[in-house]
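Undergrad: Once you've had a glance at the structure underneath, I'll fire off some questions.
The values are calculated or read from the model by the stated rules, or taken from the named source; none is laboratory data. A quick note: this is a predicted structure, and the numbers were derived from the prediction, not measured. With ideal geometry, Cβ positions are generated from the backbone for all residues, glycine too; neighbour counts draw on all protein chains shown.
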Amino acid sequence: MRISKRAILIAFAVLVALFFSGFRVAHPKDGLSNALGSANSVLGIYRTSSNFEVGTKVIVNLDAPSKSPVLAVIRAKTPTTMDIQAGPKLVRVKTTQVYGKLLAVVPFLGSVLGVIGL
C-alpha cells in the first residue's frame, strides 16, 4: 500500500493545527495507574490549560529527583499551588508545574517508548 504525499501533508497539517490549539502528548514516568497498566505504560493526550478544578486529572512536572512527568489528580488548590495525588503519593506543586488537563490515555504505547529510551 502506497501512501501519497498529499495524505502525508494533510496529516502533518492536522498535527500542527492540534499543536497550536494546545494539544500535546506525554509519556508519564510515574503516577496514577488504570486497569490497562501503570502510568509509564501509557501515552497521555492532554491540553494545555491554566484553569484547573479539584478532581481533574493532569500531567505534572515534579521537582528533581522525582521522575517526571507524572499522571496525577488534583486534590486541593490555592492560587499558587496545588496538592496532587500521583499514585499513593500526595505532593504539593506550583501551578506552573502543571502542564495541562488529561484528555485520554493510549495504553501500551508507553512501554514501547520505554524500550527505545523515550
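Undergrad: Every residue in the range 1-55 that is within 18 Å of Pro88 (Cα to Cα) and either of a type in the set (Asp, Glu) or modelled with pLDDT of 90 or more (or both), please.
TA: Asp30, Val54, Gly55, listed by residue number.
Undergrad: I've got another one for you. Anything in the range 77-105 that is touching a residue at least 60 places away in the same chain (Cβ under 8 Å) and aliphatic (A, V, I, L, M)? List them, or say none.
TA: Scanning the range 77-105 gives Leu103, Ala104, Val105.
Undergrad: Please determine, by comparing only the residues of the range 45-76 that are without any contact (Cβ under 8 Å) to a residue 40 or more places away in the chain and farther than 18 Å from His27 by Cα, which one is surrounded by the most Cβ atoms within 10 Å (Cβ to Cβ).
TA: This residue is Ile74.
Undergrad: Take the conditions assigned to a strand (DSSP E or B), in contact (Cβ under 8 Å) with a residue 40 or more places away in the chain and among the hydrophobic types (A, V, I, L, M, F, W, C) and apply them to Val25. Does it pass?
TA: Spelling it out, it is not the case that Val25 is assigned to a strand (DSSP E or B), in contact (Cβ under 8 Å) with a residue 40 or more places away in the chain and among the hydrophobic types (A, V, I, L, M, F, W, C).
Undergrad: Residue check: is Pro79 modelled with pLDDT of 85 or more and loosely packed, with under 12 Cβ neighbours inside 10 Å?
TA: So Pro79 passes the test.
Undergrad: Return the residues of the range 82-93 that are of a type in the set (D, E, K, R) and surrounded by 15 or more Cβ atoms within 10 Å (Cβ to Cβ); say none if nothing qualifies. Before you say what the answer is, go through the steps one by one.
TA: Narrowing the range 82-93 to residues of a type in the set (D, E, K, R): 83, 89, 92.
If the condition is that a residue be of a type in the set (D, E, K, R) and surrounded by 15 or more Cβ atoms within 10 Å (Cβ to Cβ), then Asp83 is the only one that fits.
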